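To keep things clear, I will list the structure first and then write my remarks on it.
Read the figures in this text as sums done on the coordinates, not as results from a lab. All of these numbers come straight from a predicted model, not from anything done at the bench. Note: ideal-geometry Cβ built from the backbone for every residue, glycine included; neighbour counts use all protein chains shown.
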């Protein structure tokens with residue numbers, strides 16, 4: 001039996017202009033606790049789908065239901081309690097004078113009592129290791145720390161779903177890994193994470209399910225390993241599987257299982273050697 | 001030996017109103033015809049280094065610039081930014097900062113016309129670079145109506161239209177999808193091989209840099225800490241880790257399994273890795 005959907009996109013089409021479909025007949029169900037990637041090349045409809053999920057756009061056809069709320073009739077504040085949206089560029093999100101004010105802002109908008117706001121602020125600062133920066137002007141922080149503040153300010157609102165829009169674009173390796181490990185930790189605490197990206201190294205390493213968009217349609221929806229090993233599909237979508245996946249596929253005839261990360265490839269290789277090399 | 005196109009000696013730079021040196025003593029010579037990759041974390045000084053090459057530092061930024069920067073044999077202090085633009089084409093990370101005309105084609109005509117080409121010649125060159133970037137359909141579009149990836153292609157086309165001797169791409173691939181990124185690296189290789197254009201490519205795409213670049217520079221805290229052919233440089237795993245820069249996945253895999261597999265040398269592509277891995281597994285099994 002399928003688990004109930006926390007988020008469902010039902011027969012959704014969307015046109016910015018009449019007759020120009022940015023998304024066409026999209027069906028998507030996401031259950032609580034998933035860590036799912038939405039991938040596709042430029043123009044595939046990823047950003048449009050993301051905006052529909054947070055209610056910034058309303059479907060032209062069909063409906064989007066987020067934690068029981070239909071986005072067509074929901075108020076922004078109703079959706080904000082349920083879905084946290086992390087912008088690609090943290091500078092688009094940060095505006096307060098201190099890190100603490102940044103986190104308080106969303107909590108005030110939820111209409112929480114002051115004591116609750118302060119309690120959640122302290123808990124969030126501790127959770128993200130941001131106490132030393134609580135009075136710092138967010139714009140003075142490094143890009144990695146800015147993104148951490150963005151994530152903290154959203155997580156403080158205790159959304160059930162976290163949407164990350166290209167969080168690693170323009171980021172170096174250290175910052176990319178930091179943000180995805182934070183997202184993984186939040187997922188383990190029960191938050192459903194949707195990652196929109198074209199960085200397949202991170203998709204392979206962190207997510208369990210992948211939805212592939214092309215020209216506004218879902219062309220594949222399946223476990224990460226299956227999607228990453230479908231080279232023909234990825235080619236057709238102008239996507240390229242991670243190098244380690246391609247290496248792993250090229251030596252599959254030797255009996256090495258598919259590896260989605262360097263660590264997995266190392267483990268498979270060691271196991272292969274143990275099984276075949278006599279001491 | 002190829003002649004030096006760019007020479008930096010003891011270059012230090014700090015932005016106005018800042019006490020911190022972003023570049024802290026850079027010595028670097030780029031030779032005519034090289035294909036060089038530049039890597040480093042955010043804040044390492046990569047973009048600042050790029051700005052010294054086309055004269056925006058020190059001519060437009062202010063701040064304190066020490067040391068000597070020469071392009072085509074002359075100090076950049078003695079050349080105007082316009083003069084330098086015939087030698088050095090810089091594509092910025094942020095394409096919006098670069099696109100100013102009403103259409104993409106007009107953007108691509110700007111440099112050829114300023115170089116004295118006729119409008120017909122300039123249009124032919126614009127058409128050629130747009131086709132090479134698979135962007136011919138963007139010619140008559142207004143830059144502000146383009147997606148991030150399309151803007152980056154338009155900005156790259158406009159710079160290529162000037163046919164610079166040194167093409168500098170400062171993280172110009174960050175908004176592109178994977179296939180477009182592969183195409184851009186292949187285009188750089190083609191320009192380098194067929195027209196002798198010197199390439200300096202700043203990127204986080206380690207797999208592609210290892211495959212395409214002849215020389216790799218690692219910049220960390222304003223200094224070049226590694227400089228050499230990728231196969232040599234990528235052996236310095238600890239230096240890369242300290243600098244916060246990841247290795248190409250096959251190189252990291254080879255390093256992690258060096259104790260149990262006999263890798264003859266560091267693999268730089270999945271084809272090399274496959275060949276070496278098959279041989280090593282057969283030898284072990």
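No solvent, one uniform scatterer per C-alpha: report log10 I(q)/I(0) for segment A:1-145 via the Debye equation at q = 0.14, 0.18, 0.19, 0.22 1/Å, two decimals.
For segment A:1-145, the Cα-only Debye profile gives -0.84, -1.13, -1.18, -1.32.
Of all beta bridges DSSP finds with both residues in segment A:116-252, what is the antiparallel percent, to the nearest 5?
Just about 55 percent of them are antiparallel.
Would you mind calculating the relative contact order of chain B from Cα pairs under 8 angstrom and at least 6 residues apart, reporting the percent as a whole number? It would help to have the intermediate numbers written out before the result.
Details: 525 pairs, mean separation 61.8, N = 285.
It comes to 22 percent, rounded to a whole number.
Quick one: grab the alpha carbon gyration tensor of chain B, order the square roots of its eigenvalues as a ≥ b ≥ c, and give me rounded if a/c is under 1.5, else prolate or oblate depending on whether a/b is larger than b/c.
Numbers: a/c = 2.03, a/b = 1.36, b/c = 1.50.
Note, shape of chain B comes out oblate.
Roughly what % antiparallel, to the nearest 5, for the DSSP beta bridges in the protein assembly as shown?
On the way: 42 of 77 bridges.
The antiparallel fraction comes to roughly 55 percent.
Where does helix B:104-114 land angle-wise versus the long Cα axis of chain B, in degrees 0 to 90, nearest 10?
Taking the Cα atoms of chain B, the angle to B:104-114 is about 70 degrees.
When DSSP assigns beta bridges and you keep just the ones with both residues in segment B:167-285, what percent turn out antiparallel, to the nearest 5?
Details: 5 of 9 bridges.
The antiparallel fraction comes to roughly 55 percent.
Counting only other chains, and only Cβ atoms inside 10 Å, what mean value do you get across the residues of A:251-263?
Details: counts 6, 0, 1, 5, 2, 2, 0, 0, 2, 0, 2, 12, 3.
Mean partner-chain Cβ count within 10 Å for A:251-263: 3.
In a Gaussian network model over chain A where Cα atoms closer than 10 Å are linked, find which of A:86, A:117, A:38 has the largest mean-square fluctuation.
Per the Cα network of chain A with a 10 Å cutoff, A:117 tops the list.
In whole angstrom, how long is each semi-axis of the equivalent ellipsoid of chain A, when you take the square root of 5 times every eigenvalue of its Cα gyration tensor and sort them from largest down?
On the way: eigenvalues 224, 134, 53 Å².
The answer is 33, 26, 16 Å, longest axis first.
Is segment B:16-95 best put as rounded, prolate or oblate by its Cα gyration tensor, with a ≥ b ≥ c the root eigenvalues, rounded for a/c under 1.5, and otherwise prolate when a/b is larger than b/c, oblate when not? The partial results should precede the final answer.
Numbers: a/c = 1.43, a/b = 1.14, b/c = 1.24.
Rounded, since a/c falls under 1.5.
Please determine, in degrees from 0 to 90 and to the nearest 10, the orientation of helix B:148-160 with respect to the longest principal axis defined by the Cα atoms of chain B, where the helix direction is its Cα long axis.
Relative to chain B, helix B:148-160 is tipped by roughly 70 degrees.
May I ask you to sort A:263, B:252, B:274, B:265 by Cβ crowding, counting other Cβ atoms within 10 Å and putting the fewest first?
On the way: A:263 14, B:252 21, B:274 18, B:265 11.
Going from sparsest to densest Cβ surroundings: B:265, A:263, B:274, B:252.
Could you check which residue among A:95, A:87, A:140 shows the biggest mean-square fluctuation in a GNM of chain A with a 10 Å Cα cutoff?
Checking each option, the largest mean-square fluctuation is seen for A:140.
What share of all Cα pairs of the protein assembly as shown, in percent, falls into each consecutive 20 Å distance bin?
19, 50, 29, 1
Taking only DSSP H segments of four or more residues, each worth -39500 (n - 2.57), what value at 222 nm results for chain B once the sum is divided by all its residues, to the nearest 500 deg cm²/dmol? Before the final figure, lay out each step's value.
Working: 12 runs with 114 residues, N = 285.
That calculation yields -11500 deg cm²/dmol at 222 nm.
For the ranges A:14-25, B:173-184, B:193-204, what's the packing order if you count other beta-carbon atoms within 10 Å of each residue, average per peptide, and put the highest first? Please list the in-between numbers first.
Numbers: A:14-25: 14.4, B:173-184: 21.5, B:193-204: 19.1.
So the order, starting with the most tightly packed, is B:173-184, B:193-204, A:14-25.
Using only atoms on other chains, find how many Cβ atoms lie within 10 Å of each Cβ of peptide B:253-259 and report the average.
Numbers: counts 11, 1, 2, 7, 6, 0, 1.
Mean shielding by partner chains, rounded to a whole number: 4.
What's the exposure ranking of B:137, A:172, B:27, going from fewest to most Cβ atoms within 10 Å? The partial results should precede the final answer.
Values: B:137 10, A:172 23, B:27 14.
Listing B:137, A:172, B:27 from fewest to most nearby Cβ atoms yields B:137, B:27, A:172.
Given the -39500 (n - 2.57) contribution per DSSP H run of 4+ residues, what per-residue ellipticity at 222 nm results for chain A, rounded to the nearest 500 deg cm²/dmol?
After summing the helix terms and dividing by the residues of chain A, the value is -11500 deg cm²/dmol.
Helix A:143-155 versus the longest principal axis of chain A: what angle, 0 to 90°, nearest 10, using Cα atoms?
Relative to chain A, helix A:143-155 is tipped by roughly 70 degrees.
Taking every residue in B:243-250, how many Cβ atoms of other protein chains lie within 10 Å of its Cβ, on average? Don't skip to the end; give the middle numbers.
On the way: counts 3, 6, 3, 7, 2, 3, 12, 6.
Neighbouring Cβ atoms belonging to other protein chains average 5 per residue here.
Could you check which residue among A:56, A:164, A:213 shows the biggest mean-square fluctuation in a GNM of chain A with a 10 Å Cα cutoff?
A:56
Sort out for me the Cα centre separation of segment B:77-100 from segment A:1-51, rounded to whole Å.
Segment B:77-100 and segment A:1-51 have Cα centres spaced 41 Å from each other.
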